[in-house]
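Structure first, then comments.
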Amino acid sequence: MANSTQQKRAVMLVPGKGGTGKTLFARLVYYALVEAGVKVIGFDSDTENPELANYHTQQKYQVYQGNLLEIEGSHKLLEMLEKKKPDVALIDMPAASGHQTRDRMEHFNLLDLSKDKEMPYRFTFVCVLDIGAPSVRSFQDVMAFCGDRADYVAVRNQFWEDGSSSDESSFAIWEQSEAYKLFESLKGIEIAMPALDRLTFQQMHPSTNFFDVAKLMVGHRLITQSFLRRGLAELDYAASYLGLPQRQAEPQPAGSATEAA
């Protein structure tokens, strides 16, 4: 079970560019939290394509839906936090909604929730990176807006590694950016997400979640188990920022997890 003295977390997937692997990472984190015995609620704010919710329709693992970009949706989430008092709220935002998300956070003063006696949630913003610039810019906007009132996790999606022998990293745009310098100054934690085989991903889409791995055909089951084993090991590096129980040493500074790998 999670340590009851651990900081309560609102873990939000940065609403930047679509197609980076954001919802896949949300599925991985949600699985890790539930399996670790953490009291968690999942919340999908993508009303047009609520993939996180569609993957978790069983009552035991249900992910709630609501448009946080609207006042009513934000009220719904806050009332849920007040009533259910989870240790972690995992929030998957729709792509390309960064400006609206920041407006809503300002409207409800959400970055100061950590000081609230009834709902002391500190935000962690997670950016799943591909090899392009849009996701980096979105992350920089979030960090510039929130500063040290939140924590940050950058996730290199290894699906985008090109496998070439070139000395230049596939994530060179991120590594050479002003966003990366800001990330380091804010003590962000960088981890990697292993690539999930494309055919296995398609086999699971649109509704087989990681709790139902045993239902997959043997080859896909073994591939998914490998993905989970490696993915959960990476999450350990950012455990405290993600609301997970600490199973290893304290999180290391930016870049250390991927360098160790």
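Taken together, the values in this text are just the output of simple stated rules run on the coordinates, not laboratory data. Nothing here was measured: the structure is a model prediction, and the numbers come from that model. Neighbour counts run over all protein chains shown; Cβ positions are idealised from the backbone, glycine included.
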The range 126-209 shape via C-alpha gyration tensor axes, a/c threshold 1.5: oblate
The range 8-260: antiparallel DSSP beta bridges as a percent of all, rounded to 5: 0
Residue order, fewest to most surrounding Cβ atoms within 10 angstrom, among 178, 48, 161, 234: 48, 178, 161, 234
Amide proton proximity set for residue 11, modelled H, under 5 Å, gap of 5+: 89, 90, 91, 124
Reach of residue 60 by Cα under 28 Å, taken over lysines that are not fewer than 8 positions away in the same chain: 8, 22, 39, 76, 83, 84, 85, 215
Span from the the range 173-191 Cα centroid across to the the range 61-102 one, whole angstrom: 26
Hull-based mean projected area of the chain, where the convex hull spans the alpha carbons, in square nanometres: 13.3
For the range 202-210, Karplus couplings with θ = phi - 60° (6.51, -1.76, 1.60), whole Hz, Gly/Pro x: 5, 5, 7, 6, x, 9, 8, 8, 6
Ranking of 135, 97, 177, 226 by count of other Cβ atoms within 10 Å, fewest first: 226, 177, 97, 135
Charge-dipole axis of the range 1-121 as Lys and Arg at +1 and Asp and Glu at -1 on Cβ define it, positive-most pick from 109, 97, 31: 31
Electrostatic dipole magnitude of the chain [Cβ: Lys, Arg +1; Asp, Glu -1; Cα centre; debye, to 20]: 860
222 nm mean residue ellipticity, helices alone, for the chain (DSSP H n ≥ 4; -39,500 (n - 2.57); rounded to 500): -11000 deg cm²/dmol
At R0 = 25 Å, FRET efficiency that the Cβ-Cβ distance of residue 103 and residue 172 yields, to 0.05: 0.20
